[in-house]
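Visitor: My questions will all concern the structure given below.
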Amino acid sequence: MLEARGIGASDGNLTAEVSGGVGKDDGVLVIRTIHVKYLLKAAGADEATLQRALSLHPMRCPVYRTLHKCIDITTELVIV
């Protein structure tokens, strides 16, 4: 999505830090939350374009589409 908008996301320009929260269900550990912090090297990129790409991404992501109904998934974008 970023590349289509002229924003380089390859060659290490886009990385992610992912954290999660767990809980117990009948004594079994289960994943309750996932938070993805995208780190994008794109100084000077149009903020509105970046936010639009971020907002469109989840429903086009196979992992999100698979998990979002049972795990709370949040994202954020940090420009570095």
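The values are calculated or read from the model by the stated rules, or taken from the named source; none is laboratory data. Please read these numbers as outputs of a predicted model, since none were measured by experiment. So basically every Cβ, Gly included, is an ideal-geometry build from the backbone, and we count neighbours across all protein chains shown. Keep in mind that these areas ignore ligands, DNA and RNA; they rest on the heavy atoms of the full protein, side chains included. Shrake-Rupley method; radii C 1.70, N 1.55, O 1.52, S 1.80 Å.
Visitor: State all residues of region 13-46 that are among the basic types (Lys, Arg) and out of contact with any Asp or Glu (no Cβ under 6 Å at 6 or more places or on another chain); if no residue qualifies, say none.
Guide: If the condition is that a residue be among the basic types (Lys, Arg) and out of contact with any Asp or Glu (no Cβ under 6 Å at 6 or more places or on another chain), then 24, 32, 41 are the ones that fit.
Visitor: Within region 38-75, can you find the residues that are more than 17 Å from residue 1 (Cβ to Cβ) and among the basic types (Lys, Arg)?
Guide: The one that is more than 17 Å from residue 1 (Cβ to Cβ) and among the basic types (Lys, Arg): 69.
Visitor: Under 7 Å between Cβ atoms, which residue pairs at least 6 apart in sequence (or on different chains) link something in region 43-70 that is at positive phi with a partner that is modelled with pLDDT of 90 or more and outside any loop (DSSP other than H, G, I, E, B)?
Guide: Here the result reads none, with nothing in region 43-70 linked to a residue that is modelled with pLDDT of 90 or more and outside any loop (DSSP other than H, G, I, E, B).
Visitor: So which pairs qualify, if the first residue must be in region 3-32 and free of Cβ contacts under 8 Å to residues at least 12 places away in the same chain, the second must be in a loop (DSSP other than H, G, I, E, B), the Cβ gap must be under 6 Å, and the two must be at least 6 apart or on different chains?
Guide: Close Cβ pairs satisfying both conditions: 3/9.
Visitor: If we keep just the residues of region 19-49 that are among the aliphatic types (A, V, I, L, M) and loosely packed, with under 11 Cβ neighbours inside 10 Å, which is farthest from the chain's Cα centre (by Cα)?
Guide: Going through the qualifying residues, I end up with 28.
Visitor: Looking only at region 4-18, how many residues end up being open to solvent by 70 Å² or more (accessible area, probe 1.4 Å) and either of a type in the set (S, T, N, Q) or under 19 Å from residue 64 (Cβ atoms) (or both)?
Guide: Matching residues across region 4-18 total 3.
Visitor: Every residue in region 50-77 that is more than 11 Å from the chain's Cα centre (by Cα) and either of a type in the set (Ser, Thr, Tyr) or under 24 Å from residue 11 (Cβ atoms) (or both), please.
Guide: Hits for region 50-77 are 50, 51, 52, 60, 62, 66.
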